[in-house]
Amino acid sequence: MPSTYTPQGIQKMETGEKAGTWGTLTNTNWQIIEQIAGGYLSKALSTSGATNLAVSDGAAGDANEVGHRILNLTAALVGNVTVTIPLDVQTFYIIKNATTNSYTVEFKYVTGSGSSVTWGADDKSTKIVYATANDGTNPDIIDVGSGLSLTSPALVTGINDVVGNELVKVTATASAVNEFTVANAATTAGPTLSATGGDANIDLNVTPKGSGKIALDGIKWPNADGDADQVMTTNGSGVLSFVDNTGGTDWQAVVTTSTKTAVAGEGYFIDTTSNTCNVTLPAGALGDEVTLVDYAATFDTNNLTVTPASGEKIQGGSADATLTSDVERSAFTLAYSGATQGWLLKDK
């Protein structure tokens, strides 16, 4: 009876056959077994369409293409391609997609509707695939790596993407106790990036490079703190910045002196318990405001006089005319309206 062969080309000699050649044939079989266990084959694929990996029964070497553990697939693709193996091959392969150009590579059995493994158009990764031969007509090929779950992998310097470019870089910190945790989410909820670790209160630091900014949902945030009391504003085009706070009144300490030069935007508590007080207004700009308050209920005994800046008006009166308040507990705000009417009482 003649010899038979395994799906990957190992010769099975019948009793009484191959007299005088058993040593040579057995050595060849051992070479095939060694090749199946760890052999490397660089296979140039057709640039489009299908490439069938061949079986060479009883032969060791590159001609027995399916009988290698590691396959390096090459070609300058001009279209999507498939790589096929015979229906009865049962083994696993480590396959590197070393093709160029943006086309898919599918690894499958030569016929049937079983599952296959496909590299995306720009996926140049290495995959571990298992050819199951689990059905005589529609066997499956499984991507072993797609089902792996790594509990605590140790990353040396970072993670690269499928084309080998840097994706995440990792820097080690001696005796680190804090880290960040990524949590996924169910329907209607968003995933979470959290600062976690041994400390009770932990910042989450995000630092752009150079003059770059942190962009959250298209909004660019300042990459430096503003001055004290500044507020944040937008330019209407998705860029935030710090500006001076021009809204509200900046209240000052109680004034007890007989004279005071006011500053636009400020409010003053005027104490005339011991003397009258003359407040000189600043040179006005449209919208400027100054607020004055009778602090000790003494404007009726020691009056408050308000004097405009040289050449300006109060309540539309003559240039340089003053305003006197002699009403106990009076309080008022003057707003500058322009050169024609000058400073006007905001509230009456």
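Brief remarks on what is shown
- Tally of residues being touching a Ser or Thr at 6+ places or on another chain (Cβ under 6 Å) and basic (Lys, Arg) across region 57-102: 1
- Residues in region 135-166 that are at pLDDT 90 or above, of a type outside the set (Val, Ile, Thr) and surrounded by fewer than 13 Cβ atoms within 10 Å (Cβ to Cβ): Gly136 only.
- Index of the failed condition, Ser318 passing every other in (1) more than 24 Å from Gly265 (Cβ to Cβ); (2) modelled with pLDDT of 95 or more: (2)
- Tally, over region 192-207, of residues that are within 24 Å of Asp225 (Cβ to Cβ) and assigned to a loop (DSSP other than H, G, I, E, B): 8
- The condition of being aliphatic (A, V, I, L, M), within 17 Å of Leu344 (Cβ to Cβ) and free of Cβ contacts under 8 Å to residues at least 60 places away in the same chain holds for only one of Leu281, Leu286, Leu240, that being Leu286.
- The residues on offer are Glu106, Glu65, and the sole one that is acidic (Asp, Glu), crowded, with 16+ Cβ neighbours inside 10 Å, touching a strand residue (DSSP E or B) at 6+ places or on another chain (Cβ under 7 Å) and in contact (Cβ under 8 Å) with a residue 24 or more places away in the chain is Glu65.
- Qualifying residue in region 236-249 (condition: closer than 29 Å to Leu323 by Cβ, in contact with a strand residue (DSSP E or B) (Cβ under 6 Å, 6 or more places away or on another chain) and of a type in the set (A, V, I, L, M)): no
- Among the residues of region 178-187, the one identified as more than 21 Å from Asp217 (Cβ to Cβ) and loosely packed, with under 10 Cβ neighbours inside 10 Å is Ala186.
- Checking Ala262 against (1) within 53 Å of the chain's Cα centre (by Cα); (2) surrounded by fewer than 21 Cβ atoms within 10 Å (Cβ to Cβ), the condition it does not meet: (2)
- Selected residue (only one of Gly218, Gly238, Gly212, Gly190 is surrounded by 11 or more Cβ atoms within 10 Å (Cβ to Cβ) and farther than 30 Å from Val306 by Cβ): Gly238
- Matching residues, region 119-134, being in contact with a Gly (Cβ under 7 Å, 6 or more places away or on another chain) and either assigned to a loop (DSSP other than H, G, I, E, B) or surrounded by fewer than 16 Cβ atoms within 10 Å (Cβ to Cβ) (or both): Lys124, Ile128
- Flag if Ser116 is more than 30 Å from Val66 (Cβ to Cβ), surrounded by 10 or more Cβ atoms within 10 Å (Cβ to Cβ), of a type outside the set (A, V, I, L, M) and without any contact (Cβ under 8 Å) to a residue 60 or more places away in the chain: no
- Number of the exception - Ala335 against (1) farther than 16 Å from Asp288 by Cβ; (2) part of a strand (DSSP E or B): (1)
- Just one of the listed residues (Ser175, Ser102, Ser113) is in a loop (DSSP other than H, G, I, E, B) and either of a type in the set (Val, Ile, Thr) or under 30 Å from Asn201 (Cα atoms) (or both), and it is Ser175.
The values are calculated or read from the model by the stated rules, or taken from the named source; none is laboratory data. Everything numeric in this text was worked out from a predicted model, so none of it was measured. Heads up, the Cβs are rebuilt from the backbone with ideal geometry, glycines too, and the neighbour counts pull from every protein chain shown.
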